[in-house]
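Input: a single structure, listed below in structure tokens.
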Amino acid sequence: MTALDLSFVRSMFPAFSTPGLADKAFFENAGGSYACAPVIDRLTRFYRERKVQPYAPYEAATLGGAEMDEARARLAAMMGVRTEEISFGPSTTANTYVLAQALRRWLKPGEAIVVTDQDHEANSGPWRRLAEDGVEVREWKIDPSTGHLDPARLEGLLADGKVRLVSFPHCSNVVAEINPVAEIVALAHKAGAAACVDGVSYAPHGIPDVGALGADIYLFSAYKVYGPHQGIMAIREELGMKLPNQGHWFNGDTLYKRFTPAGPDHAQVAASAGIADYFDALHAHHFGAGAEARQRGRELHDLIRAHEVAICQPLLDYLADRNDLRLIGPKQAAARAPTVAVALNRAAEPVSEALAAEGINCWAGDFYALRPLEAMGVDLSEGVLRLSMVHYTSAEDVARLIAALEVVL
């Protein structure tokens, strides 16, 4: 198997040559990753050369519009969906809120939706608020000892055929166990429900093949996938054209405008093409040229996952051996994203501060995951220490983290 060339990877991220960052080990990636150079270059160029209303019939506007279209087309190709099925919004939280308003008008009396208590609040709160209008909200609960989301528990919630939407995470931002998305989507579809997947905590670890997963809606945040602060949403045309238009009435015939109530951030949409630039460069370096976009995405996904599993396992082993903390989620790296939360025997925030003094940049708190943490009996006043990696994290970073934990804990 091809091994990830970490030197090449880090050469694509200016942060690794920036004073004040280059000498630190960065473990706060789940809060937002470093931006890759192609994204920074495109964003800078847009503001310097193309900061005009896009699509007008003069060069700066034409180039700006073309770059926005390029971002949508190239990301869609990697994800295995149609170009018009990709929408941009200010954040995943905002995109989910807009979707919930569409569902509010679409659902009929007596119909229900399913949410989980494993989610970040962005993929839970907006859906739960539909109960204010009489929508039945059913909760798919995690195992309080492990955080595991069991598909067998979902089947009972779907049995009466009243559920029209199942909303769940690809993986939680604190539990991190990778949920069997294709299996869950199939259960939802069999019961006549659409499936909405929050991919915010998974997409940084390899752009998913949404077409293969079968999800009707897949959401993630570009700023956690080496890009600008935008929310990216794939919504399949069959569902998207059924839901009530949330954009300007005269844009209702255009799928990617139906769920964008305000005008998009032109520069950040255009800069998102830099994500595709980066992944294409990464693929060419490791695999050469020739593969189509969807295959490139799959090959990079596997390359990235293999590296992350290898670097994460030593940290999990170290934490599992300690008796003064609780490791949240699976102990095996292959079963989870490399986002590692631990409940300590004390407040977690001072520990993250102490780690910063050791050159480890991380954070602590509830990370808007109050529901899963409460369900697992974590004291929210103490929070959890979260140590999150992506593919540019090195084995040396992890060894440095473990040494710092030895000192601090």
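Here is a check on your reading of the model: is G263 part of a loop (DSSP other than H, G, I, E, B), open to solvent by 30 Å² or more (accessible area, probe 1.4 Å) and without any contact (Cβ under 8 Å) to a residue 12 or more places away in the chain?
Yes, satisfied.
Looking at region 1-22, can you tell me whether even one residue there is within 14 Å of A270 (Cβ to Cβ), assigned to a loop (DSSP other than H, G, I, E, B) and of a type in the set (V, I, T)?
The answer is no; no qualifying residue exists.
Please name all residue pairs, on different chains or six or more residues apart, with Cβ atoms under 7 Å, provided the first residue is in region 215-232 and is assigned by the TED database to the domain that holds Y202 and free of Cβ contacts under 8 Å to residues at least 40 places away in the same chain and the second residue is surrounded by fewer than 24 Cβ atoms within 10 Å (Cβ to Cβ) and among the β-branched types (V, I, T).
Filtered contacts from region 215-232: A215/V181; A215/V185.
Could you tell me which of the residues L219, L255 is in contact with a strand residue (DSSP E or B) (Cβ under 8 Å, 6 or more places away or on another chain), among the hydrophobic types (A, V, I, L, M, F, W, C) and surrounded by fewer than 24 Cβ atoms within 10 Å (Cβ to Cβ)?
Going through L219, L255 in turn, the sole match is L255.
Based on what the data block shows, is R42 within 15 Å of A270 (Cβ to Cβ), modelled with pLDDT of 95 or more and open to solvent by 30 Å² or more (accessible area, probe 1.4 Å)?
No: the conditions fail for R42.
I need the full set of residues from region 132-145 which are within 26 Å of the chain's Cα centre (by Cα) and either modelled with pLDDT under 95 or open to solvent by 40 Å² or more (accessible area, probe 1.4 Å) (or both), in order please.
If the condition is that a residue be within 26 Å of the chain's Cα centre (by Cα) and either modelled with pLDDT under 95 or open to solvent by 40 Å² or more (accessible area, probe 1.4 Å) (or both), then V137, E139, K141, D143, P144, S145 are the ones that fit.
Taking the residues in region 12-30 that are small (G, A, S) and exposed (fewer than 15 other Cβ atoms within 10 Å of the Cβ) as candidates, determine which candidate is nearest to V340 (Cα to Cα).
By that ranking, first place goes to A22.
Taking G20 and the conditions (1) at negative phi; (2) without any contact (Cβ under 8 Å) to a residue 40 or more places away in the chain, which numbered condition does it fall short on, given that it satisfies the others?
Single failed check for G20: (1).
The values are calculated or read from the model by the stated rules, or taken from the named source; none is laboratory data. Remember, predicted model here, so these are calculated numbers, not experimental data. Cβ coordinates were reconstructed from backbone atoms using ideal geometry, including for glycine residues, and neighbour counts include every protein chain displayed. Quick note on the areas: whole protein, heavy atoms, side chains included, nothing else; ligands and nucleic acids left out. Shrake-Rupley method; radii C 1.70, N 1.55, O 1.52, S 1.80 Å.
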